[in-house]
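Novice: My questions will all concern the structure given below.
The values are calculated or read from the model by the stated rules, or taken from the named source; none is laboratory data. Small disclaimer: the values here were computed from a predicted structure and weren't measured. Neighbour counts are summed over all protein chains in view; Cβ atoms, including those assigned to glycine, are modelled from backbone coordinates with ideal geometry. We work out accessible area using only protein heavy atoms, side chains counted, and drop any ligands, DNA or RNA first. Shrake-Rupley method; radii C 1.70, N 1.55, O 1.52, S 1.80 Å.
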Amino acid sequence: MSLNLKSLISVLNADWAGTDKDVFIDHISIDSRSLQNGSQTLFFALAGVNNDAHSFIPDLIKNGVQNFVVQYIPENYADKANFLVVENTLQALQEFAAYYRNLFHFPIIGLTGSNGKTIVKEWLNFLLSPDFNIIRSPKSYNSQVGVPLSVIAINEKHNLGIFEAGISTVNEMGKLEKIIRPTIGVLTNIGSAHDEGFKNLVQKIDEKLLLFKECPVIIYQKNEIVDSCLSQFAAEYMMHPRKLFSWSFTDQSAAVFISKKETKNEDTVIQYRYKNENFTLEIPFSDSASVENAISCLLVLLYFNYDQNAIQSRIKMLYPVRMRLEVKNGINNCSIIDDSYSSDFQSLKIALDFLESQKKKGASKTVILSDIFQSGFTNEELYSKVAQLISDNKINRVIGIGPTISSFKNQFENSTMFPNTADFIAAIEHLNFNNETILVKGARSFQFEEIVSLLEEKTHETVLEINLDAISQNYNYFKAKLATNVKMMAMVKAFGYGNGGLEIAKLLEHHKVDYLGVAFADEGILLKNGGIKLPIMVLNPESTSFPSIIQYQLEPEIYSIKGLNAFLKIAREKNLKDFPIHIKIDTGMHRLGFEENTLEDLIQTLKGNSTVRVQSVLSHLATSDDPKHYDFVNKQIALFEKLSSRLISELNINPIRHILNTSGISNFPNAQYNMVRLGIGLYGVSNDPAEQKYLENVGTLKSIISQVRTIPAGDSVGYGRRFMAEKETKIATIPIGYADGIARLWGNEVGFVVIKNQKAKIVGSVCMDMLMVNVTEIDCKEGDSVVIFGESPTVIEMAEALKTIPYEIMTSISQRVKRVFFR
Ligand SMILES: *Cc1c(COP(=O)(O)O)cnc(C)c1O
């Protein structure tokens, strides 16, 4: 990309303010953290309800970024950079993408539907890549922001685009249509589910079809509802002669009629009729979703006039698609970012940004990279771009694998090259991986999954997967409930309620949360050692930890005169001045805090004291989640108002005041004071079912089946023979038990796990490291994935059955269960 900034003023209908119009833009960014931002970057400052990128502009300018699209210019910066001022930066990004899209004139495949978009996109990329230089949306970038970013990555070497569009409600597709402007439309599985955001199925289909408004051909599975929507649609948009290219299992009038479908082991063989000829096709999957997705791909190949041999040989090689970058714990204190299934240039850029955001403090950054295919550039051009990108991203060492990248070794600093994966694996011992964050990125044919498995720390197969995007989403949901200028403290005590302390703290730091809260000094030290710069309040500091609290600049909650005096003594010895402390008042919880009758003492001790500074005054609600006790909450709030006001006036201070936890934020919006303390809500749990709908599930506890057996009627399962088979029963054993945090009460057919989307009851007692489930009705085998909790069962359901609260379930998951973070 090389665009004159001046020309964009009219494209975006922007007001100009700045220093130099005569600059060229070669990169678009919305991510302030990206190391790829430079002087030729045009940064769109998106202003979410909560996360306003305008606040990053001063830092970006300091780091050399010169060009911005903004809704307003930050104070005192008008003459420090170039600003295109628009009404709405997201809309401007979309307009820019639409403008940019129209500079190119090659075929673009646009995908939409309810299921399968990303898989069909990845498969089409694989199937067509021998013949085209393809630009496609990375991962599942299919939203109002993702689509423009995908399209902006087109360059002059591409000759085919594949973009997916995802929508959640009406009036969204119109915008995406302008940006993608597909010339070939593919409607993937539309689903029959009543989606939230749409009145009914017809409205959902109608909205999706808008992607194909200007599109000369639409590929879809024939069915009555879609057909009727399409004829309606054709009537509305008659100006474009449109071809419908459909397939069906049942309707012989479809262009491709599938007359037979047979599943053999892992494969499916279909027979289809096309242009009056019959063909057989082998699809390397047995589940119906994959078969349908493969048929969508078949139609695209037929549309492109591929011959049957090519179609068969390519479709036979389809593979399961991995849709996200995964972070895994590695050997020798390394962490691994597993992107072992793709190697195009565009996805390398995204993976490098992700690497930067995941890098551990003190760890160096390593990239293991295979040859890169299908860029359209000459190898010289391509690898010099790659080398530049690697150097911009300050990668400490590069390991190249493949004959081509090896031949460009001299372009890369600190690089080691291997002609193939086997040679690398033979040498792996000598490469001394240690304290590194390692991006493993390679084309499928290089089988980098073997590298990942060697570098990965070996633990048992149970993992707690943490969805970082869900945390962001939940954070934003609660942030949006706060009045302006109300700060947010995120509670990350107990390893972020069991979900992972440091990783989540890093994410929150990115979201510019104001404070973190932990229970004990150790937890805070772990975060500071991990590089967290945010202020951290320690709820329950023991006096033995005061020296390290001071050393690590943590901020203690002080809840008694005794504690205050002990802290003051150490603080004076160290000659501290204005050290921030937080005063906890007991307003009725009766756990920790100054009671009303100790306030005078507190005031006398603090008066005129310059060793410490009262950074905040807080209290904690006992019943903010329970309407039965709202009167009590109001009493607590009133007492807090009274006592904190007294402290403020007598000490003549201006501290942050805060009393609300998650359910307090939801139920007592008038008591936000200057800050709130968000805990469980961040991790996706609300006490209110109506609110629960808006939160996203964060943690999914997963394991696998270790063994499957069938027992005859009359046999028993497990310790104490607590399950007796009444009939022949198929039993699967899962390697997770009470030592991992699964309550024994959840056993004996109270609880269940989910295998292949079906419930399997836990039979017999939960053992220390294992449990057994009834899978008589489920088609499953050793190695299949098992969900212990997540979307189903939810921790809320579990907590109800176990007569406890979600907090206990989440924090009980033992530290031996590996945490895997993804977005
Ligand atoms: C844990 C905790 C919170 C957070 O409570 P949630 O109900 O999880 O939001 C807030 N304040 C204090 C003092 C806490 O201990």
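Novice: Among (1) modelled with pLDDT of 95 or more; (2) out of contact with any helix residue (DSSP H, G or I) (no Cβ under 8 Å at 6 or more places or on another chain); (3) within 16 Å of the ligand (Cβ to nearest atom), which single condition is D626 missing?
Specialist: (1)
Novice: With the requirement that a residue be within 16 Å of the ligand (Cβ to nearest atom) and small (G, A, S), what does segment 688-725 give you?
Specialist: Within segment 688-725, just G699 meets the criteria.
Novice: Continuing with the same structure: Tell me, which helices (runs of 4 or more DSSP H) lie completely within segment 430-547 with 3 or more residues that are more than 16 Å from the ligand (Cβ to nearest atom)?
Specialist: Filter on segment 430-547 gives 449-455, 468-479, 501-510, 521-529.
Novice: Also, I was wondering about something else. Among M772, M798, M810, M768, which is more than 22 Å from the chain's Cα centre (by Cα) and within 17 Å of T700 (Cβ to Cβ)?
Specialist: Going through M772, M798, M810, M768 in turn, the sole match is M798.
Novice: Right, another one. Filter segment 668-687 down to residues that are within 30 Å of E196 (Cα to Cα) and more than 12 Å from the ligand (Cβ to nearest atom) and give me whichever is surrounded by the most Cβ atoms within 10 Å (Cβ to Cβ).
Specialist: Residue satisfying both the conditions and the ranking: F668.
Every residue, every condition in (1) aromatic (F, W, Y); (2) open to solvent by 20 Å² or more (accessible area, probe 1.4 Å), yes or no:
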{"site": "A387", "(1), (2)": "no, no"}
{"site": "D392", "(1), (2)": "no, yes"}
{"site": "I405", "(1), (2)": "no, no"}
{"site": "K409", "(1), (2)": "no, yes"}
{"site": "A426", "(1), (2)": "no, yes"}
{"site": "H430", "(1), (2)": "no, yes"}
{"site": "F433", "(1), (2)": "yes, no"}
{"site": "A443", "(1), (2)": "no, no"}
{"site": "F448", "(1), (2)": "yes, no"}
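Novice: Taking Q91, is it open to solvent by 50 Å² or more (accessible area, probe 1.4 Å), outside any strand (DSSP E or B) and more than 15 Å from G18 (Cα to Cα)?
Specialist: When the stated conditions are applied, Q91 passes them.
Novice: So D601 clears everything in (1) assigned to a helix (DSSP H, G or I); (2) in contact with a His (Cβ under 9 Å, 6 or more places away or on another chain) except one condition, right? Which one?
Specialist: Result: D601 passes all but (2).
Novice: Here is a list of conditions, (1) outside any helix (DSSP H, G or I); (2) surrounded by fewer than 20 Cβ atoms within 10 Å (Cβ to Cβ); (3) among the charged types (D, E, K, R), and E691 meets all of them except one; can you say which number that is?
Specialist: In the conditions (1) outside any helix (DSSP H, G or I); (2) surrounded by fewer than 20 Cβ atoms within 10 Å (Cβ to Cβ); (3) among the charged types (D, E, K, R), E691 misses (1) alone.
Novice: Considering every residue within segment 653-667, establish whether at least one is away from the ligand (no atom under 16 Å from the Cβ), more than 24 Å from I680 (Cα to Cα) and open to solvent by 20 Å² or more (accessible area, probe 1.4 Å).
Specialist: yes
Novice: Out of N265, N305, N332, which single residue is at pLDDT below 95 and over 31 Å from the mean Cα position of the chain (by Cα)?
Specialist: Going through N265, N305, N332 in turn, the sole match is N265.
Novice: While we're here: Which of the residues that make up segment 558-588 are touching a helix residue (DSSP H, G or I) at 6+ places or on another chain (Cβ under 9 Å), within 16 Å of the ligand (Cβ to nearest atom) and either free of Cβ contacts under 8 Å to residues at least 12 places away in the same chain or outside any helix (DSSP H, G or I) (or both)?
Specialist: I558, S560, I581, I583, I585, D586, T587, G588
Novice: Let me ask another. Just to be sure, is L647 touching a Leu at 6+ places or on another chain (Cβ under 8 Å), within 11 Å of the ligand (Cβ to nearest atom), under 23 Å from L599 (Cα atoms) and at pLDDT 95 or above?
Specialist: no
Novice: Would segment 605-612 turn up any residue that is open to solvent by 40 Å² or more (accessible area, probe 1.4 Å), part of a helix (DSSP H, G or I), assigned by TED's automatic domain parsing to the domain that holds L564 and more than 13 Å from the ligand (Cβ to nearest atom)?
Specialist: Within segment 605-612, none of the residues are open to solvent by 40 Å² or more (accessible area, probe 1.4 Å), part of a helix (DSSP H, G or I), assigned by TED's automatic domain parsing to the domain that holds L564 and more than 13 Å from the ligand (Cβ to nearest atom).
Novice: Under 9 Å by Cβ, and 6 or more places apart or on different chains, what pairs join a residue from segment 1-18 that is closer than 11 Å to A92 by Cα with one that is part of a loop (DSSP other than H, G, I, E, B)?
Specialist: Within 9 Å, the pairs are L8/A14; I9/K21; L12/V86; N13/V86; N13/E87; A14/V86.
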